[in-house]
Amino acid sequence: MLVVKQIKELQEIIEREKSKGKTIGFVPTMGALHNGHLSLVEIAGQQSDYVAVSIFVNPTQFNDKNDLKNYPRDLDNDVSLLEETACQLVFAPEVETMYPGEDNRQFNFGQLETVMEGKYRPGHFNGVAQIVSKLFDMVKPDKAFFGLKDFQQLAVIKALVKQLNLPIEIVPCPTMREEDGLAMSSRNTRLTEEQRAAAPIIYKTLIEARNKAPQMSVEEVRKWVSNEINQINPFEVEYFEIVDDESLSLISDWNEPVNKVGCIAVFCDKIRLIDNIAFQ
Ligand code: PAF
């Protein structure tokens, strides 16, 4: 497995593999890898001949400076985890390499970025689009693999690919969970032992909410979820919304003829956790 930091080197390797007729699978990450990321790499390996993974903590997608500062980083450990997978190339650039100058590009994803993460983390998806468009341009993958845990990000990336006419297939991959149901996330490592023990309440409540629908109205389910989780100190729901899984428009009636997904963001002290569940 190769680890490169320079764009030119990355491009030369990818060109070489493409000239051999190999298809390129790409898994963009911010490092602090866990089994959720490794499952994306595994799926990429099943669907492509050559797998590249990027590790880059992208400053432009953090609207909270402390979150950026505290984001876990451990490149050596990430590389040794990837050694055991289908990954053949790791691209781990420095900030100056990816942003030699200010990136002033403004993307517009309409409704997709006005709700949920877009509402509470202004500028976040613009930063995601800035970095992912750069990475796509450098790696030129045939397929790119993203976890369904970041449900809204996936919708934004699909829109990005469409807007830029990129010939890249976006492959949604299932959310990986710990045995107790907590969605795997790099941020979980920042929870105290006590917080970690309580954190499965998030997914447990989402499952119960799905079971309660449609005996309760959408609004009642929304309130019930927040009340349940807010009772557990120090958990505080930032939002819980039930949305159309394509347009991400908020749903107000179970009879709306669209696929519905419930998306949640919860603060546990200063650590922000997100999750989602499909409603029938
Ligand atoms: O999902 C992530 O880890 C990041 O948002 C991504 C897609 C790697 C862009 O920095």
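All of the numbers you see were taken from the coordinates with simple rules; none came from a lab. What you see is a predicted model; the values in this text were computed from it and never measured. Reconstructed Cβ throughout: ideal geometry from the backbone, glycine too, with neighbour counts over all protein chains shown.
Given the -39500 (n - 2.57) contribution per DSSP H run of 4+ residues, what per-residue ellipticity at 222 nm results for the chain, rounded to the nearest 500 deg cm²/dmol?
The per-residue figure over the chain is -11500 deg cm²/dmol.
If you take every DSSP beta bridge fully contained in the chain, what fraction is antiparallel? Give it as a percent rounded to 5.
On the way: 20 of 40 bridges.
Bridges in the chain are about 50 percent antiparallel.
Expected output is a single nm value to one decimal: the length gained when fully extending between Leu148 and Ala278, i.e. 0.36 nm times separation in residues minus the C-alpha distance. What is it?
45.7 nm
With each pseudo-label sitting 7 Å past Cα toward Cβ, what's the Thr192-Trp224 distance in nm, one decimal?
Going by the 7 Å Cα→Cβ label model, 3.2 nm.
Report the calculated FRET efficiency for Gln6 and Glu84 (r = Cβ-Cβ distance, R0 = 30 Å), to the nearest 0.05. Walk me through the intermediate numbers first.
Numbers: r = 25 Å, r/R0 = 0.84.
Efficiency, rounded to the nearest 0.05: 0.75.
May I ask for the net charge around Ile131, where only other residues with Cβ less than 13 Å from the Cβ of Ile131 are counted and Lys, Arg are +1 while Asp, Glu are -1?
Details: positive: Arg105, Lys134; negative: Asp103, Asp137.
Within the 13 Å Cβ shell, the charges total 0.
Give the longest segment of the chain that steers clear of GluC sites (Glu not before Pro) in DSSP loops with at most 15 neighbouring Cβ atoms within 10 Å, not counting the sites themselves.
1-83
Taking 7 Å along the Cα-to-C-beta vector as the label spot, tell me the Glu236-Glu15 distance in nanometres, rounded to one decimal.
The answer from the label model is 5.3 nm.
Please list, or write none, the lysines whose alpha carbon is within less than 28 Å of the alpha carbon of Lys223, excluding same-chain residues fewer than 8 places away.
Cα-Cα hits under 28 Å: Lys119, Lys149, Lys204, Lys212, Lys260, Lys270.
How far is it, in nm, from the label point at Arg210 to the one at Lys158 when both lie 7 Å from their Cα along the line to the Cβ?
1.8
Restricting to DSSP loop positions (anything but H, G, I, E, B) with no more than 13 other Cβ atoms inside 10 Å of their own Cβ, which trypsin sites (Lys or Arg not before Pro) remain in the range 15-55?
Lys20
If each residue of separation counts as 0.36 nm, what is the full-extension length gain between Ser217 and Asp103 once their alpha-carbon separation is subtracted?
Residue separation times 0.36 nm, minus the Cα-Cα distance, leaves 36.6 nm.
Angle between the Cα long axis of helix 35-47 and the longest principal axis of the chain, 0 to 90 degrees, nearest 10?
In the chain, helix 35-47 runs at an angle near 60 degrees to the longest axis.
Evaluate the relative contact order of the chain (contact order divided by residue number), counting alpha-carbon pairs under 8 angstrom at least 6 apart; express in whole percent. Intermediate results must be reported in sequence, preceding the final value.
Numbers: 466 pairs, mean separation 48.5, N = 280.
So the answer I get is 17 percent.
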